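Q: Questions regarding the structure given below will be posed in turn.
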Amino acid sequence: SSRHENSAGAIERPSCWQTFLHRVDASVDFYQNWVTYKSEFGQGPRLRWELSLWNDTWYWVENTWFLVLNETYKYQLFLGDQDDSVSNVIQCGANSSWYLNGSQFSTYDVDNDAHAMSCSVMFQGAWWYNKCHCFNPTGLYTLPPLALNMSTTGLWATGITYFTDSYTAYPFNHAYSMKKFEALISSTLG
Ligand SMILES: [Ca+2]
């Protein structure tokens, strides 16, 4: 099955989706500074994350709405509830100190996170870090076998990691770096 099918196997409903972040290999360096990121933000009525494991299993999560404030507010992000009818994995870390909802954006040169140190520097990405993350889609892009076990290499949590509320359920933890990631926003409701 492809990522454009829903959990029941039906083809995704017609809608207009726009990609704003896409990781499929190591060809683009996402560890960029504040000025590089500041022109890249979009918003829309729906936000969808798509993740692929190295065995090509796809997972997706949709939020019913999202809002990114302007630079004055450090691009603070607010997410609506997860829509379970079009999601097949749990939103990471809701209500935890890792959760991105309510976080401001950080890069390696501009630290707006809630941690005493720089989450961006520690985890090699530019993101809505909190204290620090349950989801690091701009982190290091690595290949197997390293991508399958980043727990003992000093690279823990620096990959394209995602964990749900069940933190230890491999591959949804900080030892596993995803093969592909895509963030999409819809330009139409529903
Ligand atoms: Ca900090």
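All of the numbers you see were taken from the coordinates with simple rules; none came from a lab. In this text the structure is predicted, and so the values were computed from the model without any measurement. For neighbour counting, all protein chains shown are included, and Cβ atoms are generated from backbone atoms with ideal geometry for every residue, glycine included.
Q: Most exposed first by the Cβ proxy, i.e. fewest other Cβ within 10 Å, how do Met178, Met117 rank?
A: Met117, Met178
Q: If amide H atoms are built 1.01 Å from N in the plane of the peptide, which residues on other chains or at least 5 residues away come under 5 Å of the amide H of Lys180?
A: Sorted by chain and number, the residues that satisfy this are Ser52.
Q: When the Karplus curve 6.51 cos²θ - 1.76 cosθ + 1.60 is applied with θ = phi - 60°, which whole-Hz ³J(HN,Hα) does each residue of the stretch 119-134 get, with x for Gly and Pro?
A: After applying 6.51 cos²θ - 1.76 cosθ + 1.60, I find 4, 4, 5, 5, 10, 6, x, 10, 6, 7, 6, 10, 8, 10, 7, 10 Hz.
Q: Based on other C-beta atoms within 10 Å, arrange Ser118, Ser85, Ser103, Ser151 from fewest to most.
A: Ranked by crowding around the Cβ, least crowded first: Ser85, Ser151, Ser118, Ser103.
Q: By average Cβ neighbour count within 10 Å, what is the ranking of 50-63, 121-134 from highest down? Numbers along the way, then the final one.
A: Values: 50-63: 17.6, 121-134: 22.3.
So the peptides 50-63, 121-134, ranked by packing, come out 121-134, 50-63.
Q: Out of every Cα pair in the stretch 17-190, what percent are spaced more than 30 Å from each other? Walk me through the intermediate numbers first.
A: Values: 1359 of 15051 pairs.
The calculated P(r) of the stretch 17-190 puts 9 percent of pairs beyond 30 Å.
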